[in-house]
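Okay, structure first, notes after.
The values are calculated or read from the model by the stated rules, or taken from the named source; none is laboratory data. Treat the numbers as computed from the prediction; the structure is a model and nothing was measured. Cβ coordinates were reconstructed from backbone atoms using ideal geometry, including for glycine residues, and neighbour counts include every protein chain displayed. Note: areas computed on protein heavy atoms with side chains; ligands, DNA, RNA excluded. Shrake-Rupley method; radii C 1.70, N 1.55, O 1.52, S 1.80 Å.
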Amino acid sequence: MKGTVTHQESFLNRIAESLGRERRKSGVSLPEWKYQPQYQTHADCTEDDLVTMLKDHCVNIHTELIETDAAGLYDALRTQVNRFEGGPVIIPKDSRFETYGLQTLMTEEWPDEGIPVWEWDAEQGAKNIEKAEQANVGITFSEITLAESATVVLYASEHAGRSVSLLPTTYIAIIPKSSIVPRMTQASDILKQQIRDGVTVPSCINYITGPSNSADIEMDLVVGVHGPVKAAYILVNDR
């Protein structure tokens, strides 16, 4: 659903008035910075270097990383779900599950395991939230993956609510190798290019770095505070 902007003119006029000047409606351009070190960081890294960086940082964020290829993804996923003590499982409505041979997850029960699976259904409304709260495992694909921080980027939509990755007890991110970029700089560039290409970018984009954690109190890290208590990444060689 496309949002509607209301009272934009009056809002901008009030800001200009508070600044004590007339509103500028033309002649404004983005600054061109002489130094942009963000583009130099990790610029010489190969794809293998980025994978190594991702692996190393997964250790820091208490997240297991499993490597496989498309043919082995089903077994790797099944093994990890069992490590997380089984279902229920919740997944977004995402054609990539079929593309990667995971059609059995797009049913009400995982046949080989007898595990209940809920696929996000926009027509079911709030029932999706209930299913996410009841789920033991949430599974999604990563849209963009930041090697520097081992962060997966998820796009929320009517077919993929953010609850899939936030409410279940545990979380699994399937990471296509082709989705890995060095850092936030490149992720932002991808999003800006999509906007220039006319792609509708979601208003809610989530950056998730392993299981939920907080070090707000006396800098003591506590894992599993306000979301999944455990997380695992499955890296798939899709080249």
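State the number of residues belonging to segment 36-56 that are modelled with pLDDT of 95 or more, within 18 Å of residue 152 (Cβ to Cβ) and either open to solvent by 50 Å² or more (accessible area, probe 1.4 Å) or acidic (Asp, Glu) (or both).
Of the residues in segment 36-56, 3 are modelled with pLDDT of 95 or more, within 18 Å of residue 152 (Cβ to Cβ) and either open to solvent by 50 Å² or more (accessible area, probe 1.4 Å) or acidic (Asp, Glu) (or both).
Going through segment 66-87 one residue at a time, which ones are open to solvent by less than 40 Å² (accessible area, probe 1.4 Å) and closer than 21 Å to residue 213 by Cβ?
Within segment 66-87, 66, 80, 84 qualify.
Select from segment 195-211 the residues that are loosely packed, with under 15 Cβ neighbours inside 10 Å and part of a strand (DSSP E or B) and list them in ascending order.
207
What pairs come out if I take residues in segment 36-60 that are within 21 Å of residue 176 (Cβ to Cβ) and of a type in the set (Lys, Arg) and pair them with residues that are open to solvent by 70 Å² or more (accessible area, probe 1.4 Å) and at pLDDT 90 or above whose C-beta lies under 9 Å away, six or more apart or interchain?
55/67
Exactly one of these conditions fails for residue 149: (1) open to solvent by 20 Å² or more (accessible area, probe 1.4 Å); (2) part of a helix (DSSP H, G or I). Give me its number.
Unmet condition: (2).
Mind telling me which of the residues 108, 143, 123, 158 ends up being over 16 Å from residue 208 (Cα atoms) and in contact (Cβ under 8 Å) with a residue 24 or more places away in the chain?
Testing whether each residue is over 16 Å from residue 208 (Cα atoms) and in contact (Cβ under 8 Å) with a residue 24 or more places away in the chain leaves just 158.
Please go through (1) closer than 18 Å to residue 237 by Cβ; (2) part of a strand (DSSP E or B); (3) out of contact with any Leu (no Cβ under 7 Å at 6 or more places or on another chain) for residue 67 and return the number of the only condition it doesn't satisfy.
(3)
Name the pairs: first residue in segment 88-103 and more than 17 Å from residue 238 (Cβ to Cβ) and of a type in the set (Phe, Trp, Tyr), second residue part of a strand (DSSP E or B) and open to solvent by 30 Å² or more (accessible area, probe 1.4 Å), Cβ to Cβ under 8 Å, at least 6 apart or on different chains?
Filtered contacts from segment 88-103: no entries.
Would a scan of segment 1-24 turn up a residue that is in a loop (DSSP other than H, G, I, E, B) and among the aromatic types (Phe, Trp, Tyr)? Walk me through how you get there before you give the answer.
Let us first name the residues in segment 1-24 that are in a loop (DSSP other than H, G, I, E, B), namely 1-7, 19-24.
Filter once more, so that each one left must be among the aromatic types (Phe, Trp, Tyr): none.
No: zero hits.
Keeping to segment 159-182, report how many residues are open to solvent by 40 Å² or more (accessible area, probe 1.4 Å) and either under 14 Å from the mean Cα position of the chain (by Cα) or within 19 Å of residue 105 (Cβ to Cβ) (or both).
Of the residues in that region, 5 qualify.
Kindly provide the set of residues from segment 53-64 that are on the phi < 0 side of the Ramachandran plot and assigned to a loop (DSSP other than H, G, I, E, B), ordered by number.
We begin by selecting, within segment 53-64, every residue on the phi < 0 side of the Ramachandran plot; these are 53-61, 63-64.
Listed by number, the residues that qualify are 61, 63.
So how many residues does segment 26-52 have that are part of a helix (DSSP H, G or I) and either acidic (Asp, Glu) or within 16 Å of residue 185 (Cα to Cα) (or both)?
Total meeting the criteria: 7.
For residue 114, work out the one condition from (1) on the phi < 0 side of the Ramachandran plot; (2) surrounded by fewer than 12 Cβ atoms within 10 Å (Cβ to Cβ) it doesn't fulfil.
Residue 114 satisfies all of (1) on the phi < 0 side of the Ramachandran plot; (2) surrounded by fewer than 12 Cβ atoms within 10 Å (Cβ to Cβ) except (1).
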